[in-house]
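Quick notes on the structure that follows.
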Amino acid sequence: MSRPATDALRGSLDLLVLKTLSLEPMHGWGISQRIQQISKGTLEVNQGSLYPALQRLEKSGLITSDWDTSDNNRRARYYKLTASGRRALGEELDSWRKFAAGLETVLRAT
Amino acid sequence: MSWIDGARARLALLFRRGAAESRMHEEIRFHVEREAERIVRENGVAPAEARRRALVAFGGVEKHKEELRAARGGSWLAGLSLDLKLGLRMLVKYPGLTIVGIVGMAVGVAIGATGFAIIDTVVSTKLPFASGDRVIGIQNLGGGGVEGRRLNLHDLAEWRTTLRGVELFGAYRTLDRNLITANGAVTPFRVVEMNASGFQIVGAQPMLGRYLLPDDERFGAPPVVVIGHKVWARTFFSDSAIVGKTLKLGDTQYTIVGVMPRGFAFPINNGVWAPLKLNAADYAPGRAPAVDVFAKLAPGTNLKAVNAQVQAIGKRRAAANPAERENAVSRAVSYANSFFEIPLANPKVRVGISIAKMLMSLILIVVGTNVAILVYARTASRSGEIGIRTALGASRLRIVGQFFAEALVLSCAAAAVGFVIANFVLRYLMTLLDRAAGEQIPFWITLHLSTNTVLYIAGLAVLASVIVGVLPAMKATQQQITTTLQQLGTGGSGLRLGKVWNALIVAQVAATVSLMPIAVYGIGSWILMRAPTQTIPVNELLTAALYLDRPGAGTDDFDSYAGDEFKARFASLQADLVRALREEPSVANVTFANSPPGSEAQERVAIDTIGGGTQTDSTRAANSRGRWMLMGGVTPGHFEALGVKPLSGRLFEAGDAIERPYVAIVNRSFVRLELGDSPAVGRLIRPLGRNEDREDPRFYRDGTRWYEIVGVVPDIPYVAAGEDARSRVYVPMRPENAFPVTVMVRMRSGTPAAFVSRLREITAKVNPMLRLRAIEPLEQTLDTEAELSRALLLAVAVIAVAVLLLSAAGIYALMSFTVTRRRREIGIRAALGAGAGVVVRGVLARATGQIAIGVAIGLLLAMPIGKVMSLHMFRGWGIVILPAVVLLITIVGLLAAAGPVRRVLQIQPTEALRAE
């Protein structure tokens, strides 16, 4: 296992989760479905690795979670963005866009 | 407030562990079910297939769960409680290892904790009252001239006036006196004469009446005393109207003016206080009675500054009076520490104390290493478990942690047992100390398991867990998972043990055997301890030490006990005492000696070559250093009083002590051990004195006088089982020449114990300054001694058994482990056609070889150890026990080898080959 790759993945996964939750509170399976839907299947994350990411974000106070009833009337854990999570999403998006733009510039130049 | 949200989430994850686990399970179940439903809906496959695909998409449920657990933070905590449960289960599952480990480590912990507690008690002593740490002692240490404490009284006047930053100066000295109450009860007592400031330093208020005041110290003031709670309760039966009543100390009558509360025992461990009425002006410099000085540091000063002032004064006084104060040193020290003379300020000493404390744990480290070997052998059988857990995603740290927790359970159990043992030993030691020297042990010194010691024990438990758990686990988790898992199928253990471990077996056997002399001595003697054979009627004898107190003389004014005038007075009072006792109908006889039977002092004695001596004798005599023997001084009539009849020659006669002082009587063991049973009467011996006692005239002999042996008596009082017979030499003595002198009363009727208080009364009636100490029926003295040696032997035996047990288990584990490792090799050999006999012989030959080498080395080491400790391991039971233990070790080793061999022989050749 090479750590840097994991870290890069982890970083982008966090961003995706935060972005997804900025729309509405959602349970884990729903988040994974939403990411797949929005990305039209290009971003296929290993579904299991979503949960450590959720736990990590919750521990850093960016999201909170609570039990609720799902659309098919089953108990599910719903995650929602906190105020600081929303702030963090803004900052992350900014830096991601800067990074992506920078990368784009470099790629276009060569 | 992200940190609050985060913290709440963290806390919930950390402490609501059960909830976190069930939440995780439920979330993942929900996820997989929803995904499966989706797949059924979208792809129309069967539910079972959909579930399989959902699980694949999720990607390793257990792996993710492990990741979640690890990320929860403090996973070690959850792991720990689980591991502790596992550890407890391990204790039950491997009872052999549990027993051996607990017994071995408990002994290690007990020794460590006892040693630590003793060092801690001595080193970190504090006076148990407010600002007790500011109390100091100011001392003069003697140089070539006079004893330092005799300078104190004169110096005190100058210290009082010149020392800055010091207050509440005071001095004290102790006097040994008979405490005689109005109803005539007599108790020997150590009284302290102390300045009134001593009460102020402690700041204690009297329970009844008042304490001493400076006015009481005035010459001509009526004699008064203050008594302590214990004396008030025991001697005066808690009389609430005690103030104003009188008591006698020796020949002086005192009025009781107060009672101090429980716990007050300043300055040492005292219970009766009288005013100190000493005036330096009455004595020539250096001739004053010995006193000790205490004082209190005023706020804002420190000991160092005061010490510098005291030293300066000492130097100035020494310059003015060089004859007396040559090399004398003046100093100020912490009062609490002044009784042990440990220079704590010296960094080297501090380092030394730390090292000593660490050495105390050395035994546990040795024991722990042994247990670690056992655990390592067990770890080998669990390498499959380790491999599987690693494959499932457990980190190395996690696995090592599990082994640590398991070891922690074991070592905590051992620590608990060790704690109980140490507590018992310390209490026992304290009782012994109290009995031996109660009033000399400072009241603030109590041997007990202090907080420090308990922390030390806890530290020892963790240390033991690290040795026993972490080290084997580190070693076991070194190799690659794949190797472990591969070997799992073959049944072999992947842990590699090479020559090192073969050497370890040899070393273990050698160490065990070399400990034999001590083990044999301890176990053998303990088994054999029994009632000694008596050659004198011990149940009829009462012994006591008789003193004569001098008016005005303190405990330490030794020179007042010398001189012809004192001796003459002592002799005439002794004669009065004998007369008074002979009038008692229950007394059969009275006699004097310089020590009770069995407590004679050691002295070197040379033996002549004349009188038909053999070659060996002359070699001994030529060696002018002589041989150590027990030397007793007895009065003429002593042996007759004890009912002893000479085996040959005669007993001492009335004139021997005066006109013919150079005669001697020896015991039966002397004749056997020193003369090889040749006739003793007429032979000459030369007592050489005790080098270390040259300044003590009681023991000093110039070593030029030849004494003629005039008689032989049986061994007195006894030869204890397990103790070697000792050569004893008796010389005639005049009773006034021993101080204190041992008086022995032989009863005609009634028990010696019943006569104790009567003897005190008669003695005090002859003269109140005649004081008896250590009054005890001889039987009890001997019992106490026997009890003490029994306790010591028990301790040695327990340690020896623990070591033996541990070694046997270690040998078993090592042996069975190495043979298990050769399992495949043996299987292949069997497959290739080797007969069972050949295989077994091959393995056992190697095992026997290792054991034999170990035993040989061990015996070689045992000889010098036995010699140094002068234990005779080939005498008596040693001759049975030693081979028995060697046999035991051999059997243990062979049994350990036999089990695996038997299992190996059952392997089918195909199995062995498949392993390759």
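Quick check on B:Val634: is it within 14 Å of B:Ala664 (Cβ to Cβ) and at pLDDT 65 or above?
yes
Open to solvent by 70 Å² or more (accessible area, probe 1.4 Å), under 15 Å from the mean Cα position of the chain (by Cα), at pLDDT 80 or above and more than 14 Å from every other protein chain (Cβ to nearest Cβ): is that true of A:Leu23 in this structure?
yes
What about B:Arg760, is it buried (at least 19 other Cβ atoms within 10 Å of the Cβ) and part of a strand (DSSP E or B)?
The answer is no for B:Arg760.
So which pairs qualify, if the first residue must be in region B:434-449 and without any contact (Cβ under 8 Å) to a residue 60 or more places away in the chain, the second must be of a type outside the set (Val, Ile, Thr) and open to solvent by 80 Å² or more (accessible area, probe 1.4 Å), the Cβ gap must be under 8 Å, and the two must be at least 6 apart or on different chains?
none
Can you tell which of B:Arg150, B:Arg173, B:Arg164, B:Arg134 is farther than 26 Å from B:Gly263 by Cβ and modelled with pLDDT of 85 or more?
B:Arg164
What number of residues within region B:193-247 are in contact with a helix residue (DSSP H, G or I) (Cβ under 9 Å, 6 or more places away or on another chain) and charged (D, E, K, R)?
Adding up the residues that qualify gives 1.
Condition first: in a helix (DSSP H, G or I), over 17 Å from B:Glu35 (Cβ atoms) and either open to solvent by 80 Å² or more (accessible area, probe 1.4 Å) or more than 8 Å from chain B (Cβ to nearest Cβ) (or both). Can you find one or more residues in region A:32-42 that meet it?
Yes - at least one qualifying residue is present in region A:32-42.
Wholly within region B:5-91, which helices (runs of 4 or more DSSP H) include no fewer than the required count, namely at least 2 residues that are at pLDDT 85 or above and within 14 Å of another protein chain (Cβ to nearest Cβ)?
B:17-43, B:47-58
State which residue pairs qualify: first residue under 19 Å from B:Val192 (Cβ atoms) and inside region B:226-247, second residue open to solvent by less than 40 Å² (accessible area, probe 1.4 Å) and hydroxyl-bearing (Ser, Thr, Tyr) in any location, beta carbons under 6 Å apart, and separation of 6 or more residues or different chains.
What qualifies is B:Leu247/B:Thr181; B:Leu247/B:Tyr254.
Take A:Leu107 and decide whether it is hydrophobic (A, V, I, L, M, F, W, C) and at the interface with chain B (Cβ under 10 Å from one of its Cβ atoms).
no
Just a yes or no: is a residue in region B:369-378 at pLDDT 80 or above, more than 17 Å from the chain's Cα centre (by Cα) and either aliphatic (A, V, I, L, M) or open to solvent by 40 Å² or more (accessible area, probe 1.4 Å) (or both)?
Filtering region B:369-378 down to residues at pLDDT 80 or above leaves none.
No.
Go through region B:385-405 and report how many residues are open to solvent by 10 Å² or more (accessible area, probe 1.4 Å) and either within 21 Å of B:Val103 (Cβ to Cβ) or part of a helix (DSSP H, G or I) (or both).
The qualifying residues number 12.
Given the criterion in a loop (DSSP other than H, G, I, E, B), open to solvent by 10 Å² or more (accessible area, probe 1.4 Å) and without any contact (Cβ under 8 Å) to a residue 60 or more places away in the chain, identify the matching residue among B:Pro285, B:Pro299.
On the way: B:Pro285 fails: without any contact (Cβ under 8 Å) to a residue 60 or more places away in the chain.
The match here is B:Pro299.
Grab the helices (runs of 4 or more DSSP H) fully contained in region B:138-246, keeping just those with 3 or more residues being open to solvent by 30 Å² or more (accessible area, probe 1.4 Å).
It comes to B:152-162, B:229-234.
Among the residues of region B:661-675, what is the count of those that are of a type outside the set (A, V, I, L, M), in contact (Cβ under 8 Å) with a residue 60 or more places away in the chain and in contact with a Pro (Cβ under 8 Å, 6 or more places away or on another chain)?
Total meeting the criteria: 2.
Tally up the residues in region B:247-263 that are open to solvent by 30 Å² or more (accessible area, probe 1.4 Å) and in a loop (DSSP other than H, G, I, E, B), please.
Residues flagged as open to solvent by 30 Å² or more (accessible area, probe 1.4 Å) and in a loop (DSSP other than H, G, I, E, B) within region B:247-263 amount to 4.
Counting just the residues of region A:56-82 that are part of a strand (DSSP E or B) and open to solvent by 60 Å² or more (accessible area, probe 1.4 Å), which one comes out farthest from A:Leu23 (Cα to Cα)? Spell out the reasoning first.
In the first step, residues of region A:56-82 are kept if they are part of a strand (DSSP E or B); the result is A:63-69, A:75-81.
Narrowing the set further to residues that are open to solvent by 60 Å² or more (accessible area, probe 1.4 Å) leaves A:66-69, A:75, A:80.
Values: A:Asp66: 17, A:Trp67: 19, A:Asp68: 17, A:Thr69: 18, A:Arg75: 21, A:Lys80: 9 Å.
For region A:56-82, the residue satisfying everything is A:Arg75.
Restricting region B:309-333 to residues that are of a type outside the set (D, E, K, R) and open to solvent by 60 Å² or more (accessible area, probe 1.4 Å), which is nearest to the chain's Cα centre (by Cα)?
We begin by selecting, within region B:309-333, every residue of a type outside the set (D, E, K, R); these are B:309-314, B:318-323, B:327-330, B:332-333.
From what's left, open to solvent by 60 Å² or more (accessible area, probe 1.4 Å): B:311, B:319-320, B:322-323, B:327, B:329.
Numbers: B:Gln311: 37, B:Ala319: 45, B:Ala320: 47, B:Pro322: 44, B:Ala323: 44, B:Asn327: 36, B:Val329: 33 Å.
So the residue we want is B:Val329.
The values are calculated or read from the model by the stated rules, or taken from the named source; none is laboratory data. Note that this is a predicted model, so its numbers are computed, not measured. Here Cβ is always computed from backbone atoms with ideal geometry, including for glycine, and neighbour counts include all displayed protein chains. The protein model used for the area step is the full one, side chains on, heavy atoms only, and it has no ligands, DNA or RNA in it. Shrake-Rupley method; radii C 1.70, N 1.55, O 1.52, S 1.80 Å.
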